[in-house]
There are 2 protein chains.
Amino acid sequence: MRDAKKILLTEKEMPGQWYNIQADLPKPLPPALHPGTGKPIGPDDLAPIFPMGLIQQEVSQERFIDIPEEIQDIYRIWRPSPLVRARNWEKALDTPAKIYYKWEGTSPAGSHKVNTSVPQAYYNMKEGVKRIATETGAGQWGSALAFACNLFGIECKVYMVKISFNQKPYRRLLMETWGAKCIPSPSTDTEAGRKVLAENPDSPGSLGIAISEAVEDTIKRDDTRYSLGSVLNHVMLHQTIIGLEVKKQFEKIGEYPDILVGCVGGGSNFAGFSIPFVRDKIVDKKKTRIIAVEPLACPSLTKGLYRYDFGDTSGLTPLLRMFTLGHNFMPAPIHAGGLRYHGMAPIISHLYDLKLIEAVAVHQRPVFEALISFARTEGHVLAPETGHAVRTAMDEALKCKQSGEKKVIVFNASGHGHFDMGSYERYLSNNLEDYEYPDELVKEAQKHLPVVPE
Amino acid sequence: MRDAKKILLTEKEMPGQWYNIQADLPKPLPPALHPGTGKPIGPDDLAPIFPMGLIQQEVSQERFIDIPEEIQDIYRIWRPSPLVRARNWEKALDTPAKIYYKWEGTSPAGSHKVNTSVPQAYYNMKEGVKRIATETGAGQWGSALAFACNLFGIECKVYMVKISFNQKPYRRLLMETWGAKCIPSPSTDTEAGRKVLAENPDSPGSLGIAISEAVEDTIKRDDTRYSLGSVLNHVMLHQTIIGLEVKKQFEKIGEYPDILVGCVGGGSNFAGFSIPFVRDKIVDKKKTRIIAVEPLACPSLTKGLYRYDFGDTSGLTPLLRMFTLGHNFMPAPIHAGGLRYHGMAPIISHLYDLKLIEAVAVHQRPVFEALISFARTEGHVLAPETGHAVRTAMDEALKCKQSGEKKVIVFNASGHGHFDMGSYERYLSNNLEDYEYPDELVKEAQKHLPVVPE
């Protein structure tokens, strides 16, 4: 009997708590600041946009936080998710490395995003919130929130980055199937959207603009709260169920990974996947390499500055200390819409600053090359965002081929690409261009960073 | 601790053999006949279109047939698949029934079809076949075969029913991602296609026409064999892994289903899911109700005649004894493309004739109503084909609500609907019509049934 293809956990083995790295950081996380006063914001500042349950998690210093039973119940629709040995791909790459992937694509919305949309909708429901507004890039987040809101009887309005809205009509339909309303951003429904459209009627949109619209929508309505699919601490917290499962799964087979790889846009799938292993680096002095992969078209970690900046384009959010390309950054229309964000989660930024994690930036054509290589050996057609992790996992496996090292590499297969076949078509028909974000634009955009007393 | 949401099997518990119901039939299956002679066809007649490994399985009377290790290896990418308790849906339907679904949508191609495409490609590879031609309706089969051929290094040509080709461009892209070539049928690549186009340039195509094209393609080329995704005995055989798993899963929780429901087009997902339970009816005199659900627009079991007919439109295939609407049947363009077939698998037809299974026919709008109800409670967005099973499972659960009976209902969730969102859009925007196949046309079509000595 050969080794198992999939390392599975039973539902009883599913983690019952999320892990909060704030309890173990060697240096505390820089606080979010009020843009008017420059002072750290408190729970009251956030109360108009988030329910208190999530605000408490945002600032909690507790190491482990219980996952309510109602949330676990929904997680069990698809969790625990499998850790899979990519043996066919190893063979095709002719590498001595062992490659594993954590497969988050079996959730109803097709990605890791439901790990946080479900608790977010839950805590809103507990506090009587009737309506949630949000933004979405590639549509992964919007559909995940639509799925979760529907389960808890909450109305859901999604501002979807226009270029993705046009490229991915089926994502909108998925949201509508779950009862949500989804419109392209910039829209005429908000001041923020109208302002962008006045300046550039053909704006392809960006996550920053869409966030501005959703936040404005929230502020203007008493019955509405806002929900963010990435960046914030409580989002990273919810996603740790991924990495906690991966740790248990490696324990089951008596292995420990040498290299972890995840893609980063706002940072949530990468954070959730890797943070339990970052803890081992801090607490147990493990030497694991943990690599965040971003697009060269949107290189916030590798080219950005570690400064306070707004989370959105219009400057409506608190200031977050993060690696940023500047909040007025306008990303190239690459096909990994979920990675087109100017900043990076404060937790990820902090871990990168502390050199607990690494970062690399890659082009989208090599990403699709890796996606095709993976699909033709392991079968699954993954999302373009995920492809960034696939590319770097492949590069590390090919380095092992050179060196002969039998490293254990694991990447987070954060979502499937069933709604992204248009980008596969562009690649397969040789119509996909690479974009590298120019250094001059980085410098220019960063001139507009908000000035805060530090 | 509440009961598990999902009943899982380990990879070691995955069945190592397929079950062949031919060994247990109370009355033998009527043989396939040669259209020229009216005599039962032998292996040699089939050798130009199928590899001998599959021909042997087609006629085998062995009760259990080993699944080669190379095939099990690939099955393990997604198998064993979960049996899931639809507790949220039960609650929404307010039924005392227990509803389970067998979830086949986690495979790389998104449906049960890979259960047979993998062994079919394998046996072709073993006999040195370099190229396989096939047809596909909704695209589920074409993508499943593309996936499998790619893994065994076989070239793959898919004739896709034109209406689906146009409605579902992402299905084609999925096939191309796995390296296959996919063209709309009727095409100009074959005599059969050109003949149809000459009579009706706007023909939406049908499975029958597409089969004619693929068979003709095969016959004309020495390096090519044909592959069929449904109807034939060896296809039903491969699919029994579904039902064998379901039996083990119910054994694990000490339950036995009262009602099994599956959708039928050619019959393969229904057969694979239910045949191990049909055996229990034959051998152990179990009283299980086993219900095949078909579209009212294509009611082969409920309105067809049990006669010998061609499997394709042009009359290239052997004659199969089956419930049929006539091989020149032209189905209405309903959205469950995979169910638009004039006939029914001989095994299913035989079991229906022996009253071991039941059949019902439903309209597509109530099907989508059920799909939405399921998606909004259990999350998964299922294929329109699968929706026929969802509808009938729902109807049976609602009957239990009336009667107060706590029946155990299980349906086969044969595939996801990620490539079918266009049909969800039509339903959600109230643009979906129901079609009922007219009795006159049934009578008319059946006048053209081939005359064979019986």
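Taking trypsin sites (Lys or Arg not before Pro) across segment A:376-450, the ones in a DSSP loop with at most 14 further Cβ atoms lying within 10 angstrom of their Cβ are A:LYS406. Approximating the spin labels as points 7 Å out from Cα along Cα→Cβ, the B:GLU155-to-B:GLU436 distance works out to 4.9 nm. Rounded to the nearest Hz, the phi-derived 3J(HN,Hα) couplings of segment A:248-263 under the Karplus curve 6.51 cos²θ - 1.76 cosθ + 1.60 (θ = phi - 60°) are 4, 5, 5, 4, 4, 9, x, 10, 9, x, 8, 9, 10, 10, x, 7, where x marks glycine and proline.
The trypsin sites (Lys or Arg not before Pro) of segment B:283-345 meeting both criteria, a DSSP state outside H, G, I, E and B (loop) and at most 16 other C-beta atoms within 10 angstrom of the site's C-beta, are B:LYS285, B:LYS286, B:LYS287. Taking amide H positions as modeled 1.01 Å from N, with prolines and chain starts lacking one, the residues under 5 Å from B:PHE64 and 5 or more places away or on another chain are B:ASN20.
Amide H contacts for A:ILE291 (H built 1.01 Å from N in the peptide plane; partners 5 or more residues away or on another chain; cut-off under 5 Å): A:LEU260, A:VAL261, A:GLY262, A:GLU358. Unpaired Cys in the protein assembly as shown, meaning no second Cys C-beta under 4.7 Å: A:CYS182, A:CYS263, A:CYS298, A:CYS400, B:CYS182, B:CYS263, B:CYS298, B:CYS400. Estimated at 0.36 nm per residue, the fully extended path between A:GLU358 and A:LYS27 surpasses their Cα-Cα distance by 117.4 nm. Helical content alone sets the calculated 222 nm signal of chain B at -12500 deg cm²/dmol, taking -39,500 (n - 2.57) per DSSP H segment of four or more residues and averaging over every residue.
Overall shape: prolate for segment B:42-103, with the ratio a/c of the largest to smallest alpha carbon gyration tensor axis at 1.5 or above and a/b above b/c.
Computed from backbone phi with θ = phi - 60° and the Karplus coefficients 6.51, -1.76 and 1.60, the 3J(HN,Hα) list for segment A:383-393 is 5, x, 4, 4, x, 5, 6, 4, 4, 6, 4 Hz; x is used for glycine and proline. Here each label is just a point 7 Å from Cα along the line to Cβ, and for B:ILE183 and A:LYS286 those points are 5.3 nm apart. The ranking of B:MET160, B:MET125 by Cβ neighbour count inside 10 Å, starting from the fewest, reads B:MET125, B:MET160. Dividing the Cα radius of gyration of segment B:1-155 by 2.2 N^0.38 Å, with N the residue count, gives 1.28. Gyration tensor over the Cα atoms of segment B:330-454: the corresponding equivalent ellipsoid has semi-axes (square roots of 5 times the eigenvalues, largest first) of 28, 21, 13 Å. Between B:GLU127 and A:ASP94, the FRET efficiency estimated from the beta carbon spacing at R0 = 25 angstrom works out to 0.35. Relative contact order of segment A:69-188, taken over Cα pairs closer than 8 Å and 6 or more residues apart, is 19 percent.
Across the options A:PRO169, A:TYR122, A:CYS156, the greatest Cα extent toward the positive end of the charge dipole of segment A:109-180 (unit charges at beta carbon of Lys, Arg, Asp, Glu) belongs to A:PRO169. Restricting the GluC sites (Glu not before Pro) of segment A:212-300 to loop positions (DSSP other than H, G, I, E, B) with no more than 16 neighbouring Cβ atoms within 10 Å leaves A:GLU255. Just check the protein assembly as shown against the gyration tensor rule for me: Cα atoms, a ≥ b ≥ c as the square roots of the eigenvalues, rounded for a/c under 1.5, and otherwise prolate or oblate depending on whether a/b exceeds b/c. Prolate, since a/c reaches 1.5 and a/b exceeds b/c.
Using a simple spin-label model with pseudo-atoms 7 Å out from Cα toward Cβ, B:GLU369 and B:GLU62 lie 4.8 nm apart. For chain A, rounded, prolate or oblate, judged on the Cα gyration tensor with a ≥ b ≥ c (square roots of eigenvalues), a/c < 1.5 rounded, else prolate if a/b > b/c? It comes out rounded by the Cα gyration axes.
Taking amide hydrogens as placed 1.01 Å from N in the peptide plane, the amide H of A:LYS98 sits under 5 Å from those of A:LYS407, A:VAL408, A:ILE409, each at least 5 positions away in sequence or on another chain. For the protein assembly as shown, the dipole from Cβ point charges (+1 on Lys and Arg, -1 on Asp and Glu) about the Cα centre works out to 1480 debye, to the nearest 20.
The numbers here are math on the coordinates, done by the rules we state, and not lab data. Values in this document were obtained by computation on a predicted structure and should not be read as measured data. Positions of Cβ are backbone-derived with ideal geometry, glycine not excepted, and every protein chain shown enters the neighbour counts.
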